[in-house]
Amino acid sequence: MKISYRPFSADEVWRIILDTYERYQENKTAYPPRLLWGFALQSQWLGQGLIDSDKTHLESLKPRFIKEIYNEQQLKKGIEYIESRLGPDFKIFANKFSAILKKQGIPILDSVEIVTTHGGCGFYGIFPDKGRIVIGIGQPQERILDSMAHEFIHILIELPIIQKYSVSQNIKEYMVDIIGEIYFDIEHQDCYDRSKLGFVHEYINKESVETDIVGAVKRMMNDYNKGKQNVDNENNKV
């Protein structure tokens, strides 16, 4: 797999802010837009009521964002650190996990690009010719490699497994955490409620991931949906 590294341009950073704003208005479980603005912008603009305003007003802020916040040199410095210091370990993990899925007949993208942006979170995108991992340079350096691995797992399982079997957001995140913990000692994320997700361990473990991850997810979602239906039926009797 080809792995490339680059910083986001100002237009790309701004596009993500607007896209995230739109997703957040439609689905409050998405990242709040302020996470992508960068810590400097939060402190400078949050008190002025400029963040989380309507989209028309946000569009008018682009020139000011580019002038006051976007810092190409910071993003270049971040990507240089990631490629030189973290790239070798990430490549080992990426090749290993790709080989595990490829052996099971799961299609793998030919390339993935790592890009830096402002803010303190990580997320991913999937395109016809590649996957993309976006890393916010505002997060602690010791978490960046974990974020890269976490988002890479998302990229590889999203289309052939997650979307195919309609895996919910919380279950998907927990699955990725379990896989990350098995192969990369990644700490669990704190962005969702895990209190009712213990059953996922019954299906997603080292053996199932390496032999039949598709079958494991299919069984898990069949059982999960049957359980939900039974609960709904009992509630309807009351």
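The values are calculated or read from the model by the stated rules, or taken from the named source; none is laboratory data. All values derive from a computational prediction rather than experimental measurement. Virtual Cβ from ideal backbone geometry, glycine too; neighbours counted across all protein chains shown.
Some observations on this one:
- When residues of the stretch 65-82 are limited to those that are polar (S, T, N, Q) and part of a helix (DSSP H, G or I), the one nearest to I17 (Cα to Cα): Q74
Yes/no matrix, rows are residues, columns are (1) touching a strand residue (DSSP E or B) at 6+ places or on another chain (Cβ under 8 Å); (2) more than 19 Å from F90 (Cβ to Cβ):
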| site | (1), (2) |
| --- | --- |
| V112 | yes, no |
| T116 | yes, no |
| Y124 | yes, no |
| K130 | yes, no |
| V134 | yes, no |
| V167 | no, yes |
| E181 | no, no |
| D185 | no, no |
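- Hey, I178 at pLDDT 95 or above, part of a helix (DSSP H, G or I), within 30 Å of E80 (Cα to Cα) and of a type in the set (A, V, I, L, M) or not: no
- Qualifying residue in the stretch 142-159 (condition: touching a residue at least 40 places away in the same chain (Cβ under 8 Å), in contact with a Ser or Thr (Cβ under 8 Å, 6 or more places away or on another chain) and not in a loop (DSSP other than H, G, I, E, B)): yes
- Failed item in (1) at pLDDT below 95; (2) closer than 25 Å to K2 by Cβ; (3) assigned by TED's automatic domain parsing to the domain that holds A99; (4) more than 13 Å from the chain's Cα centre (by Cα), with G138 passing the rest: (2)
- Residues of the stretch 94-130 that turn out to be touching a helix residue (DSSP H, G or I) at 6+ places or on another chain (Cβ under 9 Å), more than 15 Å from P160 (Cα to Cα) and small (G, A, S), as a count: 4
- Complete set of residues in the stretch 204-221 that are among the charged types (D, E, K, R), assigned to a helix (DSSP H, G or I) and closer than 16 Å to G105 by Cα: E210, K218
- Hey, D185 over 25 Å from G122 (Cα atoms) and modelled with pLDDT under 80 or not: no
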